[in-house]
């Protein structure tokens, strides 16, 4: 199979969908890999690293798309890339169609494309194998981002996360105890912050307590408890997601108004719409803004801050599914791999994922 790797074009997105190691595995299996010139440079992978493993360097996005049966990306295609689509093509990326511009779905449908979203590839037990490592990465980065935004020089409250003897640590509240929230909790606890985690699943909170014990406080995520926790937070982390759907808004503007002046909100749910009413997407050039006298950080692609690690995390997790498609063809791969089948949001131009369709107010058009 011919596999194309275009260069990412979104602002400051320097990850690449395939590392040289992943490209090598595909080439060794007899597939052709076409990598756009410079696609890996931002992550520290020069063209020569791809050429050394047998991949072919192409010099335009048009060629990376045009020569590929399967296109692998990091972020969903932008409007500027639509003209490169080839009828019947398969594209893998983080699509988040529930919050994407409607013209993307319209174009996928018009061109009869198949869109496989990394974030909805899901095993029978609910595990999200491709999203999982990127969530770990984002969670572990949370204290680095929060620490910077709390600094007086950045307009924050001037609080050290760990505190010092005689001065209390920062109060960190995390909404969601999934992969991202759990890793954020571990990272903040490791720095000595005072951490409170809320989740609607009591068993999830019990498991977190088993791991971290008395280093973290847990609360059931009821509206009353959320409002209470938000009011004392120096740092509020949004880590709530529903695969394929828009994130539910758990924190209202009125709750944000109760927060301490120049407290910090980091809404990791922003890639699926955000779980805090006052959140709106930002980027790595202008990553934060102030609203209701609270600092908001809402960058959808946080792992791009560490593009090399982020590229490895994505490529390592996605490679088995890419190989399934390349080795067996899409139809057989979907038949034999239910997790991959759940990742199909659009099949040959037709909506195929129930959660995505519901989020868009549409009906499923084809059942795989």
Residue under evaluation residue 366, criteria (1) without any contact (Cβ under 8 Å) to a residue 24 or more places away in the chain; (2) in contact with a helix residue (DSSP H, G or I) (Cβ under 9 Å, 6 or more places away or on another chain), criterion not met:
(2)
Any strands (runs of 3 or more DSSP E) falling wholly within segment 1-98 and containing at least 3 residues that are closer than 17 Å to residue 319 by Cα and free of Cβ contacts under 8 Å to residues at least 60 places away in the same chain
32-36
All conditions in (1) part of a loop (DSSP other than H, G, I, E, B); (2) over 23 Å from the mean Cα position of the chain (by Cα) are true of residue 126 except (2)
Is it the case that some residue within segment 16-38 is crowded, with 21+ Cβ neighbours inside 10 Å and closer than 24 Å to residue 99 by Cα?
yes
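Matching residues to (1) surrounded by fewer than 23 Cβ atoms within 10 Å (Cβ to Cβ); (2) outside the structural domain of residue 28 (by TED's automatic domain parsing); (3) out of contact with any strand residue (DSSP E or B) (no Cβ under 6 Å at 6 or more places or on another chain):
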position: 258; (1), (2), (3): yes, yes, yes
position: 265; (1), (2), (3): no, yes, no
position: 298; (1), (2), (3): no, yes, no
position: 311; (1), (2), (3): no, no, yes
position: 366; (1), (2), (3): yes, yes, no
How many residues, within segment 58-67, are over 18 Å from residue 14 (Cα atoms) and either out of contact with any strand residue (DSSP E or B) (no Cβ under 9 Å at 6 or more places or on another chain) or surrounded by fewer than 21 Cβ atoms within 10 Å (Cβ to Cβ) (or both)?
4
Report every pair of residues separated by at least 6 positions or lying on different chains whose Cβ atoms are under 8 Å apart, first residue within segment 104-128 and free of Cβ contacts under 8 Å to residues at least 60 places away in the same chain, second crowded, with 23+ Cβ neighbours inside 10 Å and assigned to a loop (DSSP other than H, G, I, E, B).
104/77; 104/95
Sort out which residues of segment 274-296 are within 15 Å of residue 175 (Cα to Cα) and touching a residue at least 40 places away in the same chain (Cβ under 8 Å), and write them in order of number.
275, 276, 279
Filter segment 68-83 for residues that are farther than 20 Å from residue 13 by Cα and crowded, with 17+ Cβ neighbours inside 10 Å and give the result.
68, 69, 70
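Select from segment 101-114 the residues that are surrounded by 15 or more Cβ atoms within 10 Å (Cβ to Cβ) and part of a loop (DSSP other than H, G, I, E, B) and write down the one among them that is nearest to the chain's Cα centre (by Cα).
Narrowing segment 101-114 to residues surrounded by 15 or more Cβ atoms within 10 Å (Cβ to Cβ): 104-105, 107-109, 111-114.
Add one more test, that the residue is part of a loop (DSSP other than H, G, I, E, B), and what stays is 111-113.
Numbers: 111: 26, 112: 26, 113: 22 Å.
Here the residue is 113.
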Within segment 142-177, tally of residues that are touching a helix residue (DSSP H, G or I) at 6+ places or on another chain (Cβ under 7 Å), surrounded by fewer than 24 Cβ atoms within 10 Å (Cβ to Cβ) and outside any helix (DSSP H, G or I)
5
Evaluate the following for residue 231: is it outside any loop (DSSP other than H, G, I, E, B) and closer than 23 Å to residue 357 by Cα?
no
Among the residues of segment 349-361 satisfying the criterion of being in contact with a strand residue (DSSP E or B) (Cβ under 6 Å, 6 or more places away or on another chain) and in contact (Cβ under 8 Å) with a residue 24 or more places away in the chain, which is nearest to residue 89 (Cα to Cα)?
353
Members of segment 321-342 found to be surrounded by fewer than 18 Cβ atoms within 10 Å (Cβ to Cβ) and either over 14 Å from residue 31 (Cβ atoms) or in contact with a helix residue (DSSP H, G or I) (Cβ under 6 Å, 6 or more places away or on another chain) (or both), listed by number:
331, 332, 335, 336, 338
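Regarding residue 180, is this residue over 21 Å from the mean Cα position of the chain (by Cα), in the same structural domain as residue 138 (by TED's automatic domain parsing) and either part of a helix (DSSP H, G or I) or free of Cβ contacts under 8 Å to residues at least 24 places away in the same chain (or both)? Break it down into steps so the answer makes sense when it comes.
Values: over 21 Å from the mean Cα position of the chain (by Cα): no; in the same structural domain as residue 138 (by TED's automatic domain parsing): yes; either part of a helix (DSSP H, G or I) or free of Cβ contacts under 8 Å to residues at least 24 places away in the same chain (or both): yes.
Spelling it out, it is not the case that residue 180 is over 21 Å from the mean Cα position of the chain (by Cα), in the same structural domain as residue 138 (by TED's automatic domain parsing) and either part of a helix (DSSP H, G or I) or free of Cβ contacts under 8 Å to residues at least 24 places away in the same chain (or both).
The values are calculated or read from the model by the stated rules, or taken from the named source; none is laboratory data. Just so we're clear, the structure is a prediction, and the values are computed from it rather than from any experiment. With ideal geometry, Cβ positions are generated from the backbone for all residues, glycine too; neighbour counts draw on all protein chains shown.
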